[in-house]
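Asks: So that we are looking at the same thing, I have put the structure below in structure tokens.
The values are calculated or read from the model by the stated rules, or taken from the named source; none is laboratory data. Everything quoted here is computed from the prediction, not taken from an experiment. Cβ sites come from the backbone with ideal geometry, for glycine too, and all protein chains shown count toward neighbours.
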């Protein structure tokens, strides 16, 4: 394992992240504050409790998941797409490093960025609502797994995309709607039975449910299913990336 190469890629990506502090940190904090004002105050004043907790506290895990999933995907996709765009990816592919080391460097940096933003969102939430985390270790574990798995997805998108429009296509048209429809701002049990059944086909439901369990000890699906969903999603992404580097899909042409 070439740890020097991994470190070089990781440090380069993290340095680029900290050069754009306004976009990286201030923007998520402002967005989260607006969500709390609109959902926590306006809607929360009309909803007393959801599954035994205040509505303002109930939406915190969903807000963190929304930000983390989109940030992980965006950071990883742009991180690998930009070298493709300017042509430096060929220097990377010709260097004496394996595809595993390339993936660890880029995905590790993207996951780290999203993890930091997730912690900042959590800190911002404490300014608006009294929040107690029932299982803090499990919460951090779910956060790390989500950051890592969606960074893998973003890496795939970055290789697949041929232009900046395609780079934004899946995050905007697929991931964000799935998160909003995955119980971010409501409990699945609040839906009619038919829609509850349909919602269970949304994979994001299992991620948000497991993360919410870490906060409040309650979930729409069992914690075992949530862990299985994350493991399955991560395994699929790793298999796809392995196939991409094996075949050279959109890397060698």
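Asks: Which pairs do you get when a residue that is touching a residue at least 40 places away in the same chain (Cβ under 8 Å), found in the stretch 1-28, comes within reach of a residue that is loosely packed, with under 13 Cβ neighbours inside 10 Å and in a helix (DSSP H, G or I), reach meaning Cβ atoms under 9 angstrom, with the pair 6+ apart or on two chains?
Replies: Sorted first by the residue in the stretch 1-28, then by its partner, the pairs are 24/18.
Asks: So, one more: Of everything in the stretch 146-172 that's in contact (Cβ under 8 Å) with a residue 12 or more places away in the chain and outside any helix (DSSP H, G or I), which residue is surrounded by the fewest Cβ atoms within 10 Å (Cβ to Cβ)?
Replies: 162
Condition check ((1) within 12 Å of the chain's Cα centre (by Cα); (2) farther than 20 Å from residue 23 by Cα; (3) part of a loop (DSSP other than H, G, I, E, B)) across all residues:
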{"residue": "118", "(1), (2), (3)": "yes, no, no"}
{"residue": "125", "(1), (2), (3)": "no, no, no"}
{"residue": "132", "(1), (2), (3)": "no, yes, yes"}
{"residue": "174", "(1), (2), (3)": "no, yes, no"}
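Asks: Considering 215, 211, 233, which residue is touching a strand residue (DSSP E or B) at 6+ places or on another chain (Cβ under 9 Å) and either assigned to a helix (DSSP H, G or I) or under 17 Å from residue 143 (Cβ atoms) (or both)? Show your work before the answer.
Replies: On the way: 211 fails: touching a strand residue (DSSP E or B) at 6+ places or on another chain (Cβ under 9 Å); 233 fails: touching a strand residue (DSSP E or B) at 6+ places or on another chain (Cβ under 9 Å).
Residue meeting the stated conditions: 215.
Asks: Starting from residues that are without any contact (Cβ under 8 Å) to a residue 24 or more places away in the chain and closer than 28 Å to residue 90 by Cβ, keep the ones in the stretch 199-245 and report whichever is surrounded by the most Cβ atoms within 10 Å (Cβ to Cβ).
Replies: 236
Asks: For residues in the stretch 182-198 being touching a helix residue (DSSP H, G or I) at 6+ places or on another chain (Cβ under 9 Å) and part of a loop (DSSP other than H, G, I, E, B), which is surrounded by the most Cβ atoms within 10 Å (Cβ to Cβ)?
Replies: Residue satisfying both the conditions and the ranking: 183.
Asks: Of all residues in the stretch 74-91, how many are under 14 Å from residue 167 (Cα atoms) and assigned to a loop (DSSP other than H, G, I, E, B)?
Replies: Filtering the stretch 74-91 for residues under 14 Å from residue 167 (Cα atoms) gives 74-85.
Adding the requirement that they be assigned to a loop (DSSP other than H, G, I, E, B) leaves none.
Going through the stretch 74-91 one residue at a time, the tally reaches 0.
Asks: Does the stretch 44-73 hold any residues that are assigned to a helix (DSSP H, G or I), farther than 23 Å from residue 141 by Cβ and in contact (Cβ under 8 Å) with a residue 60 or more places away in the chain, and which are they?
Replies: So in the stretch 44-73, the residues assigned to a helix (DSSP H, G or I) come out as 55-58, 60-73.
Remaining after also requiring farther than 23 Å from residue 141 by Cβ: 55-56.
Once the filter is applied, which keeps residues that are assigned to a helix (DSSP H, G or I), farther than 23 Å from residue 141 by Cβ and in contact (Cβ under 8 Å) with a residue 60 or more places away in the chain, the stretch 44-73 yields only 56.
Asks: Looking for something part of a helix (DSSP H, G or I) and modelled with pLDDT of 90 or more - is there at least one such residue anywhere in the stretch 92-101?
Replies: Restricting attention to the stretch 92-101, the residues satisfying the condition of being part of a helix (DSSP H, G or I) are 92-94, 99-101.
Of the ones still in play, those that are also modelled with pLDDT of 90 or more are 100-101.
Checking the stretch 92-101: at least one residue is part of a helix (DSSP H, G or I) and modelled with pLDDT of 90 or more.
Asks: Another one. Kindly indicate which of 251, 228 is part of a loop (DSSP other than H, G, I, E, B), over 18 Å from residue 58 (Cβ atoms) and in contact with a helix residue (DSSP H, G or I) (Cβ under 9 Å, 6 or more places away or on another chain).
Replies: On the way: 228 fails: part of a loop (DSSP other than H, G, I, E, B).
Answer to the check: 251.
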